[in-house]
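S.K.: Below you will find the structure I want to go over with you.
The values are calculated or read from the model by the stated rules, or taken from the named source; none is laboratory data. Note that the coordinates shown come from a computational prediction; the quantities given were computed from them, not determined experimentally. In this analysis, Cβ positions are derived from the backbone assuming ideal geometry, glycine residues included, and neighbour counts consider all displayed protein chains. To get the accessible areas, we keep the full protein, side chains included, count just its heavy atoms, and leave off ligands, DNA and RNA. Shrake-Rupley method; radii C 1.70, N 1.55, O 1.52, S 1.80 Å.
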Amino acid sequence: MLTLLLCGVLSGAVLAAAAFPTAAFAGMIVNSAASWYVDLPSDLQTPPDEQTSYVYASDGKTLITTFYDQNRRDVGLSDIAPVMQQAIVAAEDTRFYQHGGVDVRSLLRAFVKDTASGQTAQGASTLTMQYVRNVLKNDPSLTPEQRAQATVDTPGRKIQEIRYAATLEKRLSKKEILDRYLNIAYFGDGAYGVDAAAQTYFSKPASELTLPEAALLAGLVQSPDAYNPVSGDKNAALSRRSYVLDSMAKMKVITAAQAAAAKATPLTLHPQQQPDDCTSVPSDHNDWGFFCDYLRRWWDTQPQFGATVTDREQALKQGGYTIVTSLDPNIQAVALRQSLSVYGYDSRRALPMAVVQPGTGRVLAMAVNRHYSLAANPGGGTYPNTVNQLIAGGGGVNGYQAGSTFKMFTMLAALSQGRPLNTTFDSPSPLVTRWPASGPGSCGGKWCPINESPSWMDGPRTMWNGFGRSVNTYFVWLEEQIGPQAAVAMAQRLGITFRASSDAALAANAASWGSFTLGVAQTTPLDLADAYATVAAGGMYCAPLPVLKITDASGNNVPAADPSCHRAVNAEVATAATDAARCPVGQQSAYGRCDGGTATNVNAILGGRPVAGKTGSSENNATETFVGFTPQVAAAATAADPDNPNDYVGQGVSPSVNAAVARTLAAALNGQPYASFPTPSRALAFGAQAGSASAGGDGGA
């Protein structure tokens with residue numbers, strides 16, 4: 001009966017409508033509402049949850065960027081200024097608190113007014129009806145045609161709005177309806193919901209809106225384009241603001257004097273374009289884009305956010321997550337400054353650097369002397385900005401050869417097999433190996449590697465001074481003893497990923513990969529820093545993690561933010577390897593077995609704090625790498641030409657790379673307690689049989 005009546009009203013049956021008193025008409029609607037509830041679209045029963053995800057630095061306050069399809073963030077009424085709540089009612093539905101979702105009096109008045117024109121009744125839509133319309137036109141479960149119908153001015157659409165609005169008013173309180181409306185209404189400039197609008201126009205949360213600001217925003221809803229104070233007619237916006245203030249005074253929620261004062265307030269805007277995605281990171285932090293890019297790639301691998309990459313991307317853009325990342329702004333600033341101290345923004349060479357926390361895998365900084373941008377370099381630089389992942393790899397970037405830093409994996413594998421640090425070998429240059437080879441680097445049909453500085457490297461070496469002096473032939477010999485496959489497997493256990501197809505093929509048949517220990521595979525600073533962080537953490541591998549905390553739109557913690565760790569190396573083995581790794585940086589091992597290193601400037605920069613690490617140079621100095629670690633932090637950087645991987649970066653850059661990493665470590669340790677490395681067991685230092693040539697003697701220690 002109600003549907004027939006409404007059809008009659010909306011199609012011209014004025015006399016039939018007039019036969020019903022207004023109160024009785026409204027009562028019929030409300031009484032019928034309960035039976036209609038089960039027919040409501042799901043998005044009206046449970047509000048849509050398409051909200052912006054916010055990404056912050058580790059302080060939880062500094063915004064890195066946001067991700068969204070609609071710039072919207074739901075807030076409760078307690079987080080919306082009371083004047084904003086009053087203003088929207090005054091602007092759109094002054095009888096909101098008197099009607100039951102359908103203002104029959106206004107509906108009939110609008111019908112009578114429009115009948116003469118022969119058009120469908122216009123206006124008279126309550127806040128509840130407008131809320132219904134907003135939900136339906138954004139309901140993803142409806143077809144595009146059905147969503148379009150939600151805004152078509154027809155009797156059928158109006159009847160549907162009335163029916164759904166009356167149903168909702170029966171089920172929801174006025175506060176709930178007002179909150180839902182304020183969180184879904186469109187305010188122009190891409191801002192959905194009042195909190196996004198407050199940020200977009202005034203750079204403040206909805207809770208801090210003043211009376212003039214609230215009236216301006218409330219006036220936008222009727223026509224977001226016509227009344228837009230940023231891109232539209234400012235005078236029209238002010239006129240609409242005055243209308244809202246007068247309406248508020250008429251409703252007696254403010255006084256006439258307050259309305260007059262607000263009208264006299266100059267239009268003061270602080271527009272802020274909400275960033276979206278990693279290329280929109282604020283310009284003063286555009287180097288953070290590389291970290292943001294890594295965060296997004298990491299997110300796409302997490303099954304907690306969906307079954308497919310598409311589902312996970314949708315969750316990021318619509319789920320309303322609050323993501324507090326592990327990016328430390330202070331460490332990041334130092335890492336960038338140190339990268340730029342080696343190569344400027346205009347250099348074709350790059351120094352990507354990653355900083356990782358041992359024991360959690362959390363990534364504290366990712367810096368490189370590039371702007372993360374698709375735009376041309378500021379000032380017309382020769383070498384363009386980039387969105388390529390130069391620090392963590394992926395997207396076609398396989399990484400860089402890290403040279404002798406890979407000797408760590410051979411040493412760990414040998415220690416795991418019971419060979420002590422004092423394992424001794426008279427390291428000739430060249431060394432005739434068992435692997436066949438031809439051309440440069442071969443002798444007599446075998447591969448014959450050499451030492452870079454024979455006078456300093458040749459002769460009896462142990463893992464301590466072989467690692468400290470980076471003796472190639474010692475570690476190739478050691479790899480022969482344990483089998484290259486053991487060294488490759490160890491690298492993989494510590495998170496080294498072979499992205500290049502040629503490296504992956506060699507890793508799959510590693511028994512013949514004798515040169516692996518010399519770092520001929522491509523890797524990234526992030527993988528390398530995390531691998532050495534595993535050693536620093538006593539053999540506990542933690543997958544690289546770019547977040548501290550993630551909460552969903554309801555404030556629930558998401559477990560994806562928890563570290564993912566497991567034991568990859570025996571703790572005693574990791575301790576022994578750490579002891580040898582103190583030799584390259586100019587410190588002394590627990591048993592006094594270091595006698596020179598390739599990065600002795602690191603010790604001076606760290607001011608005597610316990611530190612370990614390793615340098616690495618690829619063939620012809622095409623890359624120069626240093627990775628350093630303390631018990632609390634690890635960092636790695638590689639000097640390379642990303643576009644010409646075989647280009648010569650120069651042997652002379654190595655001390656600068658070492659210093660850049662060391663200064664970054666020092667900054668990360670600022671304020672942290674002094675922490676020592678543990679002493680390795682004598683069994684792993686000198687072996688069970690002192691004096692044995694195969695096991696290595698303790699040399700009288």
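S.K.: When the accessible area of segment 574-635 is split by element with a 1.4 Å probe, what percent falls to carbon and sulfur? Could the numbers behind the result be given before it?
M.R.: Details: 630 of 1560 Å².
Carbon and sulfur together cover 41 percent of it.
S.K.: Students often get this wrong, so check it: of LYS170/LYS250; LYS317/LYS549; LYS407/LYS614; LYS234/LYS263; LYS174/LYS204, which have C-alpha atoms separated by over 20 Å?
M.R.: Numbers: LYS170/LYS250 28 Å; LYS317/LYS549 18 Å; LYS407/LYS614 9 Å; LYS234/LYS263 14 Å; LYS174/LYS204 26 Å.
Violating the 20 Å Cα-Cα cut-off are LYS170/LYS250; LYS174/LYS204.
S.K.: Just to confirm the number: angle between the C-alpha axis of helix 407-416 and the first principal axis of the chain, 0 to 90 degrees, nearest 10?
M.R.: On a 0 to 90 degree scale, this one is about 80.
S.K.: With +1 on the Cβ of every Lys and Arg and -1 on the Cβ of every Asp and Glu, and nothing else charged, how large is the dipole of segment 146-285 about its Cα centre, in debye rounded to the nearest 20? Before the final figure, lay out the partial values.
M.R.: On the way: 16 positive and 15 negative charges, 170 e Å.
In debye, rounded to 20, segment 146-285 gives about 820.
S.K.: Using only Cα atoms and rounding to the nearest 10 degrees, what angle (0 to 90) does helix 127-138 make with the longest principal axis of the chain?
M.R.: With rounding to tens, the tilt is 40 degrees.
S.K.: Please report Rg (one decimal) and Dmax (integer) in Å for the Cα set of the chain.
M.R.: 34.1, 115
S.K.: Given R₀ = 51 Å, what would the calculated FRET efficiency be for TYR97 paired with GLN672, taking r from the Cβ atoms and rounding to 0.05? It would help to have the intermediate numbers written out before the result.
M.R.: Values: r = 58 Å, r/R0 = 1.13.
According to the calculation, E is roughly 0.30.
S.K.: Under 13 Å from a label point 7 Å along Cα→Cβ of ALA375: give me every residue in segment 275-316 with its amide N that close.
M.R.: Within reach of a label on ALA375, which here means backbone N under 13 Å from a point 7 Å along Cα→Cβ, segment 275-316 contributes 279-287.
S.K.: Hey, can you find the accessible area per residue of segment 454-526 for me, probe 1.4 Å, expressed in square angstrom? Intermediate values should be presented prior to the final figure.
M.R.: Working: 2190 Å² over 73 residues.
For segment 454-526, the solvent-accessible area averages 30 Å² per residue.
S.K.: If you don't mind, there's one more thing I want to ask. Tell me, what is the percent relative contact order of the chain, built from C-alpha pairs under 8 Å that lie six or more residues apart? Kindly include the intermediate steps, with their values, before the conclusion.
M.R.: Working: 1495 pairs, mean separation 90.1, N = 701.
Averaging sequence separation for qualifying contacts and normalising by length gives 13 percent for the chain.
S.K.: Here's something else I'd like to know. Where the only charges are on Cβ atoms (+1 Lys, Arg; -1 Asp, Glu), what is the dipole of the chain about its Cα centre, to the nearest 20 debye?
M.R.: Values: 50 positive and 55 negative charges, 185 e Å.
Roughly 900 debye, rounded to the nearest 20.
S.K.: Whole-Hz ³J(HN,Hα) for each residue in segment 284-298, computed from phi via Karplus 6.51 cos²θ - 1.76 cosθ + 1.60 with θ = phi - 60°, x for glycine and proline: what do you get?
M.R.: 6, 10, 5, 5, 5, x, 5, 5, 4, 4, 5, 4, 5, 4, 4
S.K.: Right, something else. Would you work out what percent of the accessible area of segment 194-280, with all protein chains in place, is carbon or sulfur (probe 1.4 Å)?
M.R.: On the way: 1980 of 3910 Å².
Percent of accessible area from carbon and sulfur atoms in segment 194-280: 51.
S.K.: Using +1 at the Cβ of each Lys and Arg and -1 at the Cβ of each Asp and Glu in the chain, identify which of PRO430, ALA257, THR200 lies farthest towards the dipole's positive end.
M.R.: ALA257
S.K.: Scan the chain and report its longest stretch carrying no trypsin sites (Lys or Arg not before Pro) that are both in a DSSP loop and have at most 16 other Cβ atoms within 10 Å. Don't skip to the answer; put the middle values down first.
M.R.: On the way: sites that count: LYS61, ARG95, LYS252, ARG348, ARG434.
Between the exposed loop sites, the longest stretch runs 435-701.
S.K.: Additional query: Please compute the Kirkwood hydrodynamic radius of segment 495-570 from all pairs of different C-alpha atoms, in Å with one decimal. Walk me through the numbers on the way to the answer.
M.R.: Numbers: mean 1/r = 0.0676 Å⁻¹.
Evaluated over segment 495-570, this radius sits at 14.8 Å.
S.K.: Could you pull out every one of the aspartates and glutamates with an alpha carbon less than 15 Å from that of LYS158, ignoring same-chain neighbours closer than 8 positions?
M.R.: The reachable aspartates and glutamates, counting only those whose Cα sits under 15 Å from LYS158, are ASP103, ASP114.
S.K.: Name the residue farthest towards the positive end of the dipole of segment 277-394 from the options TYR294, GLY393, LEU351, assuming +1 on Cβ of Lys and Arg, -1 on Cβ of Asp and Glu, about the Cα centre.
M.R.: LEU351
S.K.: Using 7 Å Cα-to-Cβ label points, what is the THR310/GLU619 separation (nm, one decimal)?
M.R.: 4.4
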